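To keep things clear, I will list the structure first and then write my remarks on it.
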Amino acid sequence: MPANIFKRVWDYSTYNIPFLLFVFILILASNTITDFFFRELDNTMAMIIQFMFNIVLWGYGMQITRDRINGGKRLPKLLPKVMLSLGVKLVIVSSVYVYVQGIILDFICSPLNFQTYDLEDMLWDLPHTIHEIYTHDPASLIIFFVVGTILFYITAFFLEIAIAKLADTGSILEAFNLKSIFRSIHAWGWKKYTKEYTLILITVTILFYIGIIQFDIPVIDYVFDTFLMFLIFVTQFMGIGAVYAKMKAAEAEKLE
């Protein structure tokens with residue numbers, strides 16, 4: 001259940017509250033600096049700075065994934081070199097997978113005159129999704145949602161485990177070892193993976209929509225939204241690690 005996932009994320013994040021506050025303050029500071037550059041500099045320079053911050057942040061997310069694979073119970077320490085290395089590798093791996101995913105999904109989207117399918121975007125941008133529903137015929141809509149969802153899940157499955165293997169081994173080559181990824185998923189079970197991935201997706205979506213709540217004081221509203229984004233961030237990277245840990249255990253059992 002999403003509530004159980006959220007509880008695990010909350011317990012993991014708040015295990016050491018002073019450290020959580022330290023990490024959160026760093027994230028707030030980086031966001032504030034980025035916003036300042038977007039206001040004061042040209043967009044190109046601001047986007048470069050934002051991308052650099054994101055690489056480090058994604059690297060920390062990979063640390064969370066690695067920590068959870070190894071049974072960690074709290075936010076890991078900040079290791080700048082590891083964060084930078086894993087962040088850069090994640091950009092390389094995810095860029096390739098997302099590009100291939102886009103090509104595959106475009107095969108179903110373009111003929112039906114839909115934008116490239118992304119389940120998260122469709123769940124998070126309901127006005128656009130509703131617009132798509134009203135502007136397409138029922139047959140195209142059914143084909144789009146059914147086939148698009150199946151293709152999205154299959155490509156996302158491989159992407160998520162590729163990220164987990166990258167976090168676990170630090171090897172880009174291992175992240176592209178499709179045979180190894182398939183074997184890991186198969187050992188645990190595609191049905192279990194589908195269920196777990198869906199629950200994580202639902203949890204993230206619920207957290208996203210909690211962000212609709214607004215406060216009269218802008219600073220409080222900004223801090224609240226940033227904290228929710230942080231919980232979403234932890235949920236995603238922690239979820240990948242938790243799922244892959246189960247797959248590794250299942251593979252180990254089969255080898256015994």
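All told, ILE202 falls short of being of a type in the set (A, V, I, L, M, F, W, C), surrounded by fewer than 16 Cβ atoms within 10 Å (Cβ to Cβ) and not in a helix (DSSP H, G or I).
Any residue at all in the range 207-228 that's open to solvent by less than 40 Å² (accessible area, probe 1.4 Å), free of Cβ contacts under 8 Å to residues at least 24 places away in the same chain and of a type in the set (D, E, K, R)? So far as the range 207-228 goes, yes, one or more of its residues are open to solvent by less than 40 Å² (accessible area, probe 1.4 Å), free of Cβ contacts under 8 Å to residues at least 24 places away in the same chain and of a type in the set (D, E, K, R). Taken as a whole, the range 6-23 holds at least one residue that is at pLDDT 90 or above, assigned to a loop (DSSP other than H, G, I, E, B) and open to solvent by less than 80 Å² (accessible area, probe 1.4 Å). If I go through the range 27-76 residue by residue, how many of them are among the basic types (Lys, Arg), part of a loop (DSSP other than H, G, I, E, B) and surrounded by 17 or more Cβ atoms within 10 Å (Cβ to Cβ)? Selection size over the range 27-76: 0. Evaluating LEU86 against the criteria (1) open to solvent by 50 Å² or more (accessible area, probe 1.4 Å); (2) closer than 25 Å to VAL9 by Cα; (3) touching a residue at least 40 places away in the same chain (Cβ under 8 Å); (4) within 19 Å of the chain's Cα centre (by Cα) leaves one unmet condition, (1). Scanning the range 234-254 finds no residues that are over 30 Å from SER180 (Cβ atoms), in a helix (DSSP H, G or I) and of a type in the set (A, V, I, L, M, F, W, C). Identify the residue in the range 148-199 that is in contact with a Lys or Arg (Cβ under 8 Å, 6 or more places away or on another chain) and farther than 19 Å from ARG66 by Cβ and, among all such residues, is least open to solvent (accessible area, probe 1.4 Å). By that ranking, first place goes to ALA187. Across the range 175-200, the qualifying residues are those that are among the basic types (Lys, Arg) and under 25 Å from PHE6 (Cα atoms), and the one among them that is nearest to the chain's Cα centre (by Cα) is LYS195.
The values are calculated or read from the model by the stated rules, or taken from the named source; none is laboratory data. Remember, predicted model here, so these are calculated numbers, not experimental data. Positions of Cβ are backbone-derived with ideal geometry, glycine not excepted, and every protein chain shown enters the neighbour counts. Just the protein is used for accessible areas: all its heavy atoms, side chains included, with ligands, DNA and RNA removed. Shrake-Rupley method; radii C 1.70, N 1.55, O 1.52, S 1.80 Å.
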